[in-house]
Amino acid sequence: MKVLEFLKAQFHVRSNTLYDIPLIYCMVILIGVGFIMVTSASMPTAIRMFDNPFHFTIRHVVYLVLSMSLLMISTSLPMSFWKKANLPLLLAGVPMLIAVLVIGREVNGSTRWIGLGPINIQVSEVAKLFFFCYLAGYLVRKKSEVQENLKGFIKPLAVFTVYAFLILMQPDLGTVVVMFVTTVGLLFLAGARLWQFFALMMAGVGLVVLLIASSPYRRARITGFMDPWDDPFGKGYQLVQSLMAYSRGDWFGQGLGNSVQKLQYLPEAHTDFIFAILAEETGFIGVLSVLTVLFVLIFRALNVGFNALKAGKDYEGYLALGIAIWFAFQSMVNVGASAGILPTKGLTLPFVSYGGSSLLVMTVAAGILLRVDFEVKMATKQATVRGRKS
């Protein structure tokens, strides 16, 4: 309750508020659920690795404090800043992605993080937001070209290819897939021709298949996904343990803190597979509740984007829609992977999973959504006032 009151004070929430309150509530609920589940799911690992059950909780709190600061900043920044800075931000992303390959920290075979003192930044998360800022700007500048000829359609894909290549070098296929799906979605919403849209989809699927076929560990993930019980202590181990967590959850769960699978059975219990622990401890009712909040959050984000387009704010609208697609697809992949519906992919659940970079960047993205909604409502309000005066 104190968090909600704080946000209300910061955003001047009243009955005639100019901010999307359901979106704020959904974000706060997910952050609250994430804090509880990270604390619960990470304790066994924290005791084993650091002899401190609250090691990950303390770090998560630090990231939460930083994310709230970034939320205030991103909500205060006018959208004109992002509109003017989208090309410099895109260019800044390239040396960042190169730097992580040279000086980055390797974790579980992937080099994705740059250490800044006690904080580790996953550069691909930051680059992802920068790319979406650029893509929204490109669609505004070249909208007619995107709709009328192949050249306008291919240009942003060339930029995407550069980013995708650098991110795959880490390697991080999950982030590339999220960026690709968001790019395809925005091009479709911008009015790209259907044959171009379907050709891009087929090319994307073919490339993902090729990347999987050329990588032994990715092939192992797919075979483990297809039949996890064929090798329950090898390729299918993680998914089998996750499915066992779901099965133990039943309707109302085992109770907070009572998960068995988090006791060193399910790897990455507080990150990629936190939803499985949530299912085990809170049951079907808890799963349905969190999915409902995620659905409302994404629906409100889409609503913000479409309202901006209706108000003639194309850049703001495309960026908001890109963020909505990003949140939706990443949520779908995380939940689907833990439930055995989709192959395992190292993507966090927005605002819930442990992961500082993801939390920080997604909070900035949420702040952008709130700012877009604010500016659209302000413009509409001013137009209404002028109309009455005239």
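For this structure, a couple of remarks:
- Helices of the chain meeting both criteria, an alpha-carbon length of 18 angstrom or more along the long axis and an average Kyte-Doolittle score not below 0.0, with helices taken as full DSSP H segments, are 21-50, 55-76, 79-103, 123-141, 150-168, 173-189, 194-213, 274-310, 314-338, 356-389.
- Solvent-accessible area per residue, Å², over segment 250-345 with all protein chains present [probe radius 1.4 Å]: 38
- Net length gained if the chain between Q264 and V208 were fully extended (0.36 nm per residue, minus Cα distance): 17.0 nm
- Looking at segment 134-202, the accessible area is 42 square angstrom per residue; that uses a 1.4 Å probe and ignores ligands, DNA and RNA.
- Other-chain or far-sequence residues with amide H under 5 Å of T111's (modelled H): none
- FRET efficiency, 1/(1 + (r/R0)^6) with R0 41 Å, evaluated for Y25 and K143 via beta carbons: 0.75
- Split the accessible area of the chain by element, probe 1.4 Å, and carbon with sulfur accounts for 68%.
- Extension gain, M201 to I47, is 50.9 nm, computed as 0.36 nm per intervening residue step minus the present C-alpha separation.
- Distance violations [Cα-Cα > 18 Å] among K151/K310; K83/K151; K84/K151; K83/K128; K83/K143: K151/K310; K83/K151; K84/K151
- Nearest-0.05 FRET efficiency for L66 and F306, computed from C-beta distance (R0 25 Å): 0.20
- Average projected area [Cα convex hull, the chain], square nanometres: 20.6
The values are calculated or read from the model by the stated rules, or taken from the named source; none is laboratory data. None of the values given here were measured: they were computed from a predicted structure. So basically every Cβ, Gly included, is an ideal-geometry build from the backbone, and we count neighbours across all protein chains shown. Just the protein is used for accessible areas: all its heavy atoms, side chains included, with ligands, DNA and RNA removed. Shrake-Rupley method; radii C 1.70, N 1.55, O 1.52, S 1.80 Å.
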